[in-house]
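The values are calculated or read from the model by the stated rules, or taken from the named source; none is laboratory data. Computed from a prediction, not measured in an experiment: that's the story for all the values here. No Cβ is skipped: glycine too gets one built from the backbone with ideal geometry, and neighbour counts run over all protein chains shown. Ligands, DNA and RNA are stripped out before the accessible areas are found, and what is left, the full protein with its side chains, is counted by its heavy atoms. Shrake-Rupley method; radii C 1.70, N 1.55, O 1.52, S 1.80 Å.
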Amino acid sequence: MSERTGILLVVSGPSGSGKTTLCRRLAGEKAAHYSISCTTREPRPGEIADQDYHFVSPAEFRARLDAGDFLEHAQVHGNFYGTLRSEVMGYLEAGTDVVMDIDVQGAAQVRACVEPAIQRARVDLFVMPPGEQELHARLVGRGTDSAAIIALRMQNARDEIQHWPSYAYRLVSATHEEDYARIKALLTTEQLRVSRLR
Ligand code: 5GP
């Protein structure tokens, strides 16, 4: 048994901010468990079921919602997304840190959650793209979305960026290595919190 309970690192930011890559790398280097979300959106080419997302039908999503399986959920870009309690609670109790890549609505729900285990664990970080032009260039560079989708993502990014003051931490994206060093430093600092000692 670990001497402390786990950290719940909630990471938000517009698509193209690099947040997913940062979160995935933390998991890849065994620094945290990556909470795999449920979504009703179609898998993109190259995405692997139950590794990138649990891809579910709208009916299955609704059934899990009604069963109380989600810690938070939201509608993003016309699809439903939700975090399963089973991806979070047991890990925190065991002292394993969990990283969640979720939108600003989901982060607000986690922030409002009154459960002591969540309150004790939660830390939130907003990853900010360096600027509009750079964000646009990154989205085009990914080569995964049409011009119309990119325009939608740019508008969503502007809307999401309004929410950064609600977060405890904000990171303005630079290079991936710099960003990763900073997110690792945040996790290391949070591991020192006395309030999570058993
Ligand atoms: P994408 O479809 O591009 O993978 O993700 C779209 C957005 O949904 C991203 O901002 C991502 O952070 C967010 N998202 C992914 N999983 C969840 C989740 O479980 N809950 C919420 N609220 N947002 C999520």
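Taking the Cα atoms of the chain alone, what are Rg (to one decimal) and Dmax (as a whole number) in Å?
Expressed in Å, the Cα Rg and Dmax of the chain come to 16.4, 51.
Starting from 0.36 nm per residue, how many nanometres of slack lie between THR96 and GLU42 once their C-alpha separation is accounted for?
Gain on stretching THR96 to GLU42: 16.4 nm.
Roughly to the nearest percent, how much of the accessible area of the chain is carbon and sulfur, given a 1.4 Å probe?
55 percent
Taking K and R as +1 and D and E as -1, what net charge do the other residues with C-beta under 15 Å from the C-beta of GLU47 add up to?
-1
Could you work out which residue, out of LEU186, LEU22, LEU92, moves most in a Gaussian network model of the chain, that is, has the largest mean-square fluctuation with Cα springs under 10 Å?
Of the options given, LEU186 has the highest mean-square fluctuation.
Can you tally the net charge around LEU9? Count Lys and Arg as +1, Asp and Glu as -1, for every other residue whose Cβ sits under 10 Å from the Cβ of LEU9.
That works out to -3.
Given a Förster radius of 41 Å and the C-beta distance between ALA181 and ALA112 as r, what FRET efficiency does 1/(1 + (r/R0)^6) yield to the nearest 0.05?
0.85
Could you provide, to the nearest whole Å², the per residue accessible area of the stretch 62-198 with probe 1.4 Å?
That works out to 52 Å² per residue.
Give, as a single signed number, the net charge of other residues whose beta carbon lies under 14 Å from the beta carbon of ALA151, with Lys and Arg counted +1 and Asp and Glu -1.
Net of charged neighbours comes to -1.
Between the alpha-carbon centers of the stretch 119-171 and the stretch 1-31, tell me the distance in whole angstrom.
Value for the Cα centre distance between the two parts: 16 Å.
How far apart, in nm, are two points set 7 Å out from the Cα along the Cα-to-Cβ line at THR21 and at LEU192?
2.9 nm
With 10 Å bins from zero, work out the P(r) of the stretch 86-198 over every alpha carbon pair and list the percent per bin.
Reading upward from the zero bin: 11, 37, 33, 16, 3, 0.
With no solvent and one equal point scatterer placed on each C-alpha of the stretch 36-87, evaluate the Debye formula and give log10 I(q)/I(0) for q = 0.13, 0.16, 0.29 Å⁻¹, two decimals.
Taken in order of the listed q values, log10 I(q)/I(0) reads -0.26, -0.40, -1.22.
Return the long-range amide H neighbours of THR96 (sequence gap of 5 or more, or a different chain), with a cut-off of under 5 Å between placed amide H atoms.
When sequence neighbours closer than 5 places are left aside, the close amide H contacts are GLY6.
Identify which of ARG111, ARG142, ARG25 has the largest mean-square fluctuation in a Gaussian network model of the chain, with springs joining Cα atoms closer than 10 Å.
Most flexible of the set in this elastic network: ARG142.
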